[in-house]
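The values are calculated or read from the model by the stated rules, or taken from the named source; none is laboratory data. All figures in this text were calculated on a predicted structure; none of them were measured in a lab. As a convention, Cβ positions derive from the backbone with ideal geometry for all residues, glycine included, and neighbour counts pool all protein chains shown.
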């Protein structure tokens with residue numbers, strides 16, 4: 001296949017978060033066989049909308065060389081100028097990361113002024129996790145201009161077809177984040193770093209703590225697990241966004257404070273490894289979801305997962321082979337899966353299966369899909 005000229009639009013280093021990591025990885029992989037122009041934001045969100053620090057300069061391992069930070073998402077004159085720049089490049093494809101209707105005015109202007117480009121949207125979720133008035137209309141106005149869509153869950157295809165009945169799309173699993181293995185830490189080394197003994201059974205909940213992620217259900221499962229297993233610890237690593245008290249009260253009411261370790265706040269990229277390397281199982285007790293990069297970080301560390309049967313999570317977990325898929329909002333079901341994992345000594349079996357499925361979740365496969373669209 002001939003080399004393609006591709007413009008890739010989205011957040012990359014130093015912007016925080018999974019979509020930034022995703023865009024950076026996509027750029028690196030596509031650049032191996034194509035001419036890729038990486039365009040990111042000079043201003044992603046106004047401070048009055050996003051009060052926390054948006055950038056993390058501490059770890060430049062995810063830096064994408066030659067990135068052009070051109071787009072001010074709130075400045076129409078800047079957006080029109082950037083569109084003109086893209087138009088002059090005459091790309092074969094323009095690939096845009098989509099995850100929130102905040103970007104609708106920006107992306108609509110880009111589409112209007114950059115000419116008739118082959119526009120591909122990578123939809124991390126068609127609609128936002130936390131819905132608000134006008135989100136459907138803003139999403140429809142933006143996405144209707146796409147020529148093709150890359151989705152990571154079957155459920156997302158249904159959402160897309162609600163706003164564009166003739167949409168052409170490709171569904172493919174979210175690729176694995178294996179770039180957090182900076183030191184190649186063993187489980188023993190990682191546990192020493194975070195103060196967990198080798199004989200403890202360690203579960204990990206990782207990422208932003210939001211109501212839809214169902215942490216309360218996992219906490220309610222701990223007393224059930226304690227009746228059947230000894231030395232169980234749950235490590236919760238994530239930003240509670242000023243809602244920690246709600247979970248502290250649940251922990252206190254259940255009497256499980258000795259079982260739960262909380263690391264509240266943003267986790268720098270270089271700190272991720274020790275938590276995943278240390279754990280036995282990664283648990284996603286979500287009430288709703290589209291897809292999740294957390295599963296793919298877990299797979300990058302060859303860690304089995306327990307997920308709920310919502311959104312695209314069942315699409316990436318082979319039940320009883322790479323993890324367990326259980327009904328949502330049922331602490332007993334979570335507890336049963338976790339107990340089964342330890343009782344049946346499934347670690348080696350599941351790690352073997354995760355390795356065998358590696359190509360399915362590879363960035364190489366993702367690049368092939370993009371090139372063939």
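Is at least one residue of segment 57-65 touching a strand residue (DSSP E or B) at 6+ places or on another chain (Cβ under 7 Å), surrounded by fewer than 16 Cβ atoms within 10 Å (Cβ to Cβ) and in contact (Cβ under 8 Å) with a residue 60 or more places away in the chain?
no
Residues of segment 249-278 being in a loop (DSSP other than H, G, I, E, B) and either closer than 17 Å to residue 17 by Cα or touching a strand residue (DSSP E or B) at 6+ places or on another chain (Cβ under 7 Å) (or both), which ones?
Hits for segment 249-278 are 259, 265, 266, 267, 268.
Taking residue 113 as meeting all but one of (1) under 21 Å from residue 15 (Cβ atoms); (2) at pLDDT 95 or above; (3) crowded, with 16+ Cβ neighbours inside 10 Å, write down the number of the exception.
(1)
Would you tally the residues in segment 118-147 being over 20 Å from residue 208 (Cβ atoms), in a loop (DSSP other than H, G, I, E, B) and either in contact with a helix residue (DSSP H, G or I) (Cβ under 8 Å, 6 or more places away or on another chain) or not assigned by TED's automatic domain parsing to the domain that holds residue 106 (or both)?
Residues meeting the conditions: 3.
Go through the residues of segment 176-188 one by one and say whether even a single one is more than 16 Å from residue 271 (Cβ to Cβ) and either surrounded by 21 or more Cβ atoms within 10 Å (Cβ to Cβ) or under 19 Å from the mean Cα position of the chain (by Cα) (or both).
Yes.
Filter segment 285-301 down to residues that are under 22 Å from residue 99 (Cα atoms) and either in a loop (DSSP other than H, G, I, E, B) or not assigned by TED's automatic domain parsing to the domain that holds residue 344 (or both), then give me how many there are.
8
Would it be correct to say that residue 96 is under 18 Å from the mean Cα position of the chain (by Cα), touching a residue at least 24 places away in the same chain (Cβ under 8 Å) and closer than 19 Å to residue 20 by Cβ?
Answer is yes for this residue.
I'm told residue 368 meets every condition in (1) surrounded by 14 or more Cβ atoms within 10 Å (Cβ to Cβ); (2) modelled with pLDDT under 95; (3) touching a helix residue (DSSP H, G or I) at 6+ places or on another chain (Cβ under 8 Å) except one. Can you identify the failing condition by its number?
(3)
Is at least one residue of segment 11-29 surrounded by fewer than 16 Cβ atoms within 10 Å (Cβ to Cβ) and either touching a helix residue (DSSP H, G or I) at 6+ places or on another chain (Cβ under 8 Å) or modelled with pLDDT of 95 or more (or both)?
No: zero hits.
Checking the condition under 23 Å from the mean Cα position of the chain (by Cα), assigned to a loop (DSSP other than H, G, I, E, B), outside the structural domain of residue 295 (by TED's automatic domain parsing) and in contact (Cβ under 8 Å) with a residue 40 or more places away in the chain, which residue from 102, 22, 45 passes?
None of the others qualify; the one that does is 45.
Test residue 219 against the criterion of being surrounded by fewer than 21 Cβ atoms within 10 Å (Cβ to Cβ), more than 21 Å from the chain's Cα centre (by Cα) and not assigned by TED's automatic domain parsing to the domain that holds residue 58, and give yes or no.
No.
Yes/no per residue for (1) assigned by TED's automatic domain parsing to the domain that holds residue 234; (2) free of Cβ contacts under 8 Å to residues at least 24 places away in the same chain:
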site: 303; (1), (2): yes, no
site: 311; (1), (2): yes, no
site: 315; (1), (2): yes, no
site: 323; (1), (2): yes, no
site: 326; (1), (2): yes, yes
site: 335; (1), (2): yes, no
site: 348; (1), (2): yes, yes
site: 351; (1), (2): yes, no
site: 367; (1), (2): no, no
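Has segment 153-162 got at least one residue that is in contact (Cβ under 8 Å) with a residue 60 or more places away in the chain, surrounded by fewer than 17 Cβ atoms within 10 Å (Cβ to Cβ) and touching a helix residue (DSSP H, G or I) at 6+ places or on another chain (Cβ under 7 Å)?
yes
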